[in-house]
Amino acid sequence: MFVQPLFAANSFVFAIKNATTEGLITVVVLVLLSMLSWTIIITKFRQLFIAQKATKRFLVAYNSTRDPLDIQRRGEEFDGAPAYQLYIRGADELAYQLKNNPVQVEGVAPQNPVEGVEHTNTDFLARSMEVKVSMASFDAVKVILEEAAGGEAMALEKGMIVLSTAVAGGPFIGLLGTVWGVMATFSGIAESHAATLNAMAPGVAAALVATVTGLLVAIPAMFAYNFMVTTIRNLTQELDGFASRYANQIEHVYVDHRPLAEEIRSANEVLAGRIVGALRNNERTALVES
């Protein structure tokens, strides 16, 4: 049962021993490309496995709440999930806008419409928010979400160029080494005027080892590349879908959609309240001093 593998190994050793300098250079280049390819394969498999697993856990946690900022407030982390990285950047930007550019809105509903259950209804939650953001602030959040989605997609695709190069370039590099070796072999036969099988076989065998090496580089890279491209495409589509849903929920809960006249009236009321408060403080200060 070990005859064929042993024969193949002996054939490979025989070919390498009789290879020309050009053939050896070709084989070394292919071996280096194979090592780089396998490094990418192992690294990407690990990255994609973690990304899929962490994304599932994150989406379960996200779907369990109606408040887009709830996960951030609880301090939960889902390292390795592209959707979580997008979420946390959007949540940080939204929290910044709520703190620095708030829009005060009078709540018209209690916090918990169902006793003992928080955030059971998105509409109820949206009406209960007293601090929201304007459309201009929401546009800033959307820009951050778009940048984060692009960055996570690029991170998932990082290194795939090496695999595509191994798939497309490996056989051609091997073919170059084979053609070069056969050309050198026939040139040597022509110069020695000895066109015998014993004279041709070593050179041709040494030339063909470059093609074999090229195929051994390309075949594993091809299967890994096809699998990873499909996985990355699924993760990217899932990421885009989450980004759209996340932005929609932020807009529904935290963006002020009141008519302009009502916004102006509310702003005037707030301003008037601040002025009255300042006047009362001044009166108290005057009375104390007198």
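Nothing in this text is a laboratory measurement; each read-out follows from the coordinates by a stated rule. Just so it is clear, the model here is predicted, and its values are computed rather than measured. No Cβ is skipped: glycine too gets one built from the backbone with ideal geometry, and neighbour counts run over all protein chains shown.
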Flagged links, alpha-carbon separation over 32 Å, of K53/K132; K56/K158; K56/K142; K53/K99; K53/K142: K53/K132; K53/K99
Need the full-extension length gain, L216 to K56, defined as separation in residues times 0.36 nm minus the C-alpha distance. One decimal, nm. 54.1 nm
Simple label model, 7 Å out from Cα along Cβ direction - S244 to V131, nm: 3.2
What length, rounded to one decimal in nm, is gained on full extension from M35 through to N101, with 0.36 nm per residue of separation minus their alpha-carbon distance? 18.5 nm
So how far apart, in nm, are the two label points at E147 and N234 if each is 7 Å from Cα heading toward Cβ? 3.2
Starting from the Cα-Cα distance between E76 and K158, subtract it from 0.36 nm times their residue separation and give me the gain in nm to one decimal. 26.8 nm
